[in-house]
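Visitor: I have a structure I would like to understand better, so I am pasting it below and will then ask my questions one at a time.
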Amino acid sequence: MDLNLNGKTALVTASSGGIGLEIARALAAEGANVVMNGRTQVSVEQAMAEVRADLPHTEMTPLVADNGTASGCNLTISQVPEVDILVNNLGICEAVGFFEETDQAWQEMFEINIMSGVRLSRHYL
């Protein structure tokens, strides 16, 4: 399938593993320049190598930033000011009962799962 993504830039948050890596791989296969994001240089480089093993001519841009924080989102925006495609993939989940979860844990999940997407979407839209 040709989605006409040649020359388009796609940022996939948390694309150094799991679902994010597979989304990045699919976009790269369609010709997009994928911004590969993770929290460490090692994880980003490893993910890029994995995609390049399947798609050797893929254009990718490394981005080491923790988008679960406001400062991480600001770093992402400063390093990648424009994208054509944004996939807010970053998210965490914990198997803790409703009554056992602390306010601090709820706040952390809100920052990571909600505010990361809000901050990036607000900028890129």
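The values are calculated or read from the model by the stated rules, or taken from the named source; none is laboratory data. Just so it is clear, the structure is predicted and the values come from calculations on it, not from any experiment. As a convention, Cβ positions derive from the backbone with ideal geometry for all residues, glycine included, and neighbour counts pool all protein chains shown.
Visitor: Confirm whether residue 14 is crowded, with 24+ Cβ neighbours inside 10 Å, assigned to a helix (DSSP H, G or I) and in contact with a strand residue (DSSP E or B) (Cβ under 7 Å, 6 or more places away or on another chain).
Guide: No.
Visitor: Can you find even one residue in segment 54-62 that is part of a helix (DSSP H, G or I) and more than 29 Å from residue 93 (Cα to Cα)?
Guide: yes
Visitor: Here is a check on your reading of the model: is residue 72 assigned to a loop (DSSP other than H, G, I, E, B) and either under 22 Å from residue 6 (Cα atoms) or not hydrophobic (A, V, I, L, M, F, W, C) (or both)?
Guide: No; evaluated as a whole, the condition is false for this residue.
Visitor: While we're here: Quick check, is residue 67 at negative phi, touching a Cys at 6+ places or on another chain (Cβ under 7 Å) and modelled with pLDDT of 95 or more?
Guide: yes
Visitor: What residue, of 36, 48, is under 10 Å from residue 11 (Cβ atoms) and free of Cβ contacts under 8 Å to residues at least 40 places away in the same chain?
Guide: Criteria check complete, one pass: 36.
Visitor: Let me ask something else. Just to check your reading of the model, which residue among 58, 102 is out of contact with any strand residue (DSSP E or B) (no Cβ under 8 Å at 6 or more places or on another chain), farther than 24 Å from residue 123 by Cα and polar (S, T, N, Q)?
Guide: Answer to the selection: 102.
Visitor: Shifting gears a bit: Any residue at all in segment 32-42 that is touching an Asp or Glu at 6+ places or on another chain (Cβ under 7 Å), surrounded by 15 or more Cβ atoms within 10 Å (Cβ to Cβ) and either more than 30 Å from residue 4 (Cβ to Cβ) or among the aromatic types (Phe, Trp, Tyr) (or both)?
Guide: Checked against the condition, which is being touching an Asp or Glu at 6+ places or on another chain (Cβ under 7 Å), surrounded by 15 or more Cβ atoms within 10 Å (Cβ to Cβ) and either more than 30 Å from residue 4 (Cβ to Cβ) or among the aromatic types (Phe, Trp, Tyr) (or both), segment 32-42 yields at least one hit.
Visitor: Please give the number of the condition residue 98 fails out of (1) touching a helix residue (DSSP H, G or I) at 6+ places or on another chain (Cβ under 9 Å); (2) surrounded by fewer than 16 Cβ atoms within 10 Å (Cβ to Cβ); (3) in a loop (DSSP other than H, G, I, E, B).
Guide: With (1) touching a helix residue (DSSP H, G or I) at 6+ places or on another chain (Cβ under 9 Å); (2) surrounded by fewer than 16 Cβ atoms within 10 Å (Cβ to Cβ); (3) in a loop (DSSP other than H, G, I, E, B) applied to residue 98, the lone miss is (1).
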